1. For the residues 20, 47, what sequence is obtained by ranking on other C-beta atoms within 10 Å, fewest first?
2. Between residue 12 and residue 69, what's the calculated FRET efficiency when r is the beta-carbon distance and R0 is 22 Å? Round to 0.05.
3. Set Lys and Arg Cβ to +1 and Asp and Glu Cβ to -1, take the dipole of the chain about its Cα centre, and tell me which of 13, 55, 24 lies farthest positive.
4. Only helical DSSP H runs with n ≥ 4 go in: add -39500 (n - 2.57) per run for the chain, normalise by residue count and round the 222 nm mean residue ellipticity to 500 deg cm²/dmol.
5. If you look at just the Cα atoms of the stretch 14-90, how large are its Rg and its Dmax in Å?
6. At 0.36 nm per residue, and after removing the present C-alpha to C-alpha distance, how many nm does the segment from residue 90 to residue 45 gain when stretched out fully?
7. Relative contact order, percent, of the chain when contacts are C-alpha pairs under 8 Å separated by at least 6 residues?
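No lab work stands behind these numbers, since they all come straight from the coordinates. None of these values were measured; they are calculated from a predicted model. Methodologically, a virtual Cβ is constructed for each residue, glycine included, from the backbone with ideal geometry; neighbour enumeration extends over all protein chains shown.
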Amino acid sequence: MPIRLLDVNAYTTFDFVSGRAVGPDWSDESAAVVDVDRPEEAPGTVRLRLEFDGADLDHVAPHADHLTLSPEQARGLAAALERHAASAEAGDEVPGGRGR
């Protein structure tokens, strides 16, 4: 990543996962960094951050996206990830093709 906005180090949650940025009539695939932490400026929250490799994106300027979650929202997200991971491992059919 030529311009990196997120620090990637030994503590980064996931570095270099596959990602896709999608627009109304385009789609760019890229390596991405995903990180979860507790920001110092809001220690009662959980922060989820995502950054795509700007060199691979034709339609999006280099940037990082951040979600600030309450502890309850973070647990809900974790539960949804666990549920969908189990379904993917089991090879279950995705209802409606979307995986909700």
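1. The fewest-first ordering by Cβ neighbours comes to 20, 47.
2. 0.80
3. 13
4. -7000 deg cm²/dmol
5. 14.5, 40
6. 12.9 nm is the gain from fully extending residue 90 to residue 45.
7. 21
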